[in-house]
Each structure stands twice: as C-alpha cells, then as structure tokens.
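Some notes on the structure that comes next.
The values are calculated or read from the model by the stated rules, or taken from the named source; none is laboratory data. Everything numeric in this text was worked out from a predicted model, so none of it was measured. Every residue, glycine among them, receives a Cβ derived from its backbone with ideal geometry; neighbour counts consider all protein chains shown.
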Amino acid sequence: MHRSSSLSAPAILLLLVTSGFGQSAVRTLPDDRLLDRYGLVRAWWNQATLNAQRDTVRHLTADEQMVYVQSTGGILTAFDADNGRRKWSIQLGFQDAPSFPAVSNDELVLVAASTRLYAIDKFNGGLVWNIILPGQPSTSPSMDAQHVYIGSLDGSVYALSLRKIRELYEAGLLPDWSAEVVVWRYATGEAISTPPVPMGPMVNFASLDRSLYSVTADERRLRFQLETDAAISAPLAHTDETVFLVSQDFKLYAINALTGRLRWEPYVSGLPIRKAPHVVGDEIYLLPQRGGIHAVNIADGKLHWWMQDVTGFVAASRRKVYASDARGNLLLISRANGALEGVLPLRQFSERFANSRTDRLYLSTSSGLVICLRERDLQFPIYHMFPKHRPILPDFAPEEAPAAAPGT
C-alpha cells in the first residue's frame, strides 16, 4: 500500500540541515573537559531550522524564556531557554528580505522585515497578525502594554495601537487597513538610530541628528531633547531611572529619564563607540572601536577597570564577564578587577548574543548550531535585567534524621 505524507516548508528545510548533522555537531561542540577546566558546562545544544544550501544565521537573540535564531532566508526558530527544545519555526515574509532582530514580551515576538511587522505567539509560533509599516524601518520595534514603537529612515518614530491592531485583525481587515493603527508620529531631523525605549509614561529614542528625544507615550509631547556633539548610532541602555547613550565622539552619557539632566559628567573612552552599552548590576560595559572593554561604575561614571583586545560582550555572572576577541575566542574576565582568567577557542561559534538579561551564554555557528553554556554551579539562571521576574524556586526542608532506637 502506498503512503503519502506532507511536510510544512520549515519541516522540509529542517530535513536539509539534519542530514548527517549528528556527526558534524559532535565534532563542532566544545570539549566537555575543556569547559570543565574553566568551571563551565554545556547546558544544551540544538539546530535552528534553515536551508543549509543557501541560508546562514542573521540574528541571534534571547529573553528569559526563549532563544531566537533568524536566518538570512527569513526563518525564525525559537528554543526553550532552559532545556534547548525547539519550540517552533516560521517563515516570515519573502526570502532574503532585510530584517531586524526579534524583540519579545510575555506573549508576543515582533519582527520587522522589509516593510512589514510580524507578531508571533511566543509559545506556539502561530502568526498572530502582520501589518504594513507606515515607513521604512531603521530599527527593531519595541512595545509596552498599549503601543508598538518603531523608528524609520525618514526620521520618524511611530506609535501603533495594539488594541486597534487586535480589533482590525479580528475583523479580518489586516494588513489592508494597517494605516488605521497609527496613534502618532514624531518627526526628527534624520534617521532614527536606536530602537525606542518605553519607560513608564515616556518613550526615549535617538536620531542621527545628534539628539536624544523623550516624548510622552500617549500623545508624543516632548519632555526634553538632549543634543550631543556627535551622532548617536548605538542602541540605548537603561535602568529604572537612567538612560545611557553613547556617541561617536567617544562619550557615555547618563541621563535622568524624568528630567533629562546629566547624572554625572560624560565618561570619555578615547575612541568612537558604535556598539550598545550593557548594564549588569552596578556597572555598565562599553566597547569602543578597537578600544577593548571598559567597566564603568553606574553610581559615579568612574572607570572600574579596562581590558584590551576585547571586541564583544557576551554575558556576565556574579564573578565573571564573558567576552569575545578578534580571533573568535571566548574570554573569561574577573568582574572584580578585569583580570583575564581563561581563553576558550570557540571560533566556529561566531554568532553571539550580547546577553545582559541573564548569565547564560548563547552562541551559534553560521549554519545554525546553537549552544548554551553556563557556570557549573549556576543551575538556575541569574536575572540581571528583571530580577523580579525570576520564578520562585521551591524551598525544600532538610531531611530529618531517623529517630534513635530505644536503648541506644
């Protein structure tokens, strides 16, 4: 009897990558004994869905629950951050369309690709909605409870109503009626260079016109505008009360998110800064071009330590900072004094998520083999960005000793 079966496009593509995959993966994975020497273990590994004949990894991102891999062919794959199980994969838009890194909240994953914005259910991978954007995007989107915010090449930031998007989707009017979801537009002098950062009632974003803007989330009313001496071309970082921005005239600014005033004199790195700063605990890590890594105290803007030959931030635990060098090595650096504590040769894992959210290290080969590394003693992740979101762990009572027999 003849049997036939049908496979979805992502499933067919997955078959293309998994042929002979087991043996090649074993040869590629870092040696357990080498990891153990530096107090690390491989928490999990898995393969993203992509077309091995033509695709490579374009973006590697993560939040506290999931890890996301985007291919150049437009396939988004999601893994469980705890155990590495592949949860789902989906094709977004046309193959080879330009896209920005995925962002997420508790329910949705958003991806801006070409001139469309896609919303995917975070846990089952279903396409929730897609809309046509009002302008050519220049940044990843961001969102709060009411709006999606996205910057564009024409210098505008748009606020899109999530409620209106849901109404139009349920009425079957998307994407044709996408223009109806725009709540407001704020125009600046040049292209928006940083993803908008919602902070309570405010939204902060930067433009290539050398200004940081803070506007009200509900009505785009300007609260303050801070002008810098050079272009702001790296994403913003923030704490609950402070916005950090870096500019190409070598400076790190710390700005009060409510008043727009500087918290301390700008820190001068000595070289242009084109990569996002990363906030972990009471320090912010800078990566000037060809300038190593600078650990700066958030409280006063003073340099804590500096280490040369670092090209990228990867993650941080309580005692270590993990970083990359130009040769593709993974560097283990002391958070206390910046001393080099180890070097792991992981050149093949060239895609690395700069994880300031947790202590986990997420790395991928260009062909989509993803690994998660953690410190041996940290079975449960540290939540840097949102410590209150960490699941409550069970508190086990110590076992009671058996009662002594009579007469002993």
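Candidates A48, A52, A112, A43: the one that is touching a Ser or Thr at 6+ places or on another chain (Cβ under 7 Å) and more than 30 Å from S152 (Cβ to Cβ) is A52.
Of the residues making up the range 228-283, those that are of a type in the set (G, A, S), closer than 22 Å to P387 by Cα, within 20 Å of the chain's Cα centre (by Cα) and not in a strand (DSSP E or B) are A276, G281.
Of the residues making up the range 101-117, those that are over 17 Å from the mean Cα position of the chain (by Cα) and either surrounded by 20 or more Cβ atoms within 10 Å (Cβ to Cβ) or among the hydrophobic types (A, V, I, L, M, F, W, C) (or both) number 1.
Does N46 satisfy the criteria of being outside the structural domain of D154 (by TED's automatic domain parsing) and either more than 23 Å from R360 (Cα to Cα) or at pLDDT below 95 (or both)? So N46 fails the test.
Restricted to the range 289-305, and to residues there that are modelled with pLDDT of 95 or more and in a loop (DSSP other than H, G, I, E, B), the residue that is nearest to G338 (Cα to Cα) is G292. Among the residues of the range 85-100, is there at least one that is under 25 Å from A315 (Cβ atoms), assigned to a loop (DSSP other than H, G, I, E, B) and under 13 Å from the mean Cα position of the chain (by Cα)? The answer is yes, given that some residue of the range 85-100 is under 25 Å from A315 (Cβ atoms), assigned to a loop (DSSP other than H, G, I, E, B) and under 13 Å from the mean Cα position of the chain (by Cα). Considering S152, S140, S207, the condition of being at pLDDT 95 or above, buried (at least 19 other Cβ atoms within 10 Å of the Cβ), farther than 18 Å from R116 by Cβ and hydroxyl-bearing (S, T, Y) is satisfied by S207 alone. Selection of first residues in the range 124-146 that are among the small types (G, A, S) and of second residues that are in a strand (DSSP E or B) and surrounded by fewer than 16 Cβ atoms within 10 Å (Cβ to Cβ), restricted to Cβ pairs under 6 Å at least 6 apart or on distinct chains, gives an empty result. Only one of the listed residues (S193, S178) is within 19 Å of R220 (Cβ to Cβ) and polar (S, T, N, Q). That residue is S193.
Being of a type outside the set (S, T, Y), closer than 14 Å to I131 by Cα, touching a strand residue (DSSP E or B) at 6+ places or on another chain (Cβ under 6 Å) and buried (at least 18 other Cβ atoms within 10 Å of the Cβ) holds for only one residue in V181, V197, and it is V181.
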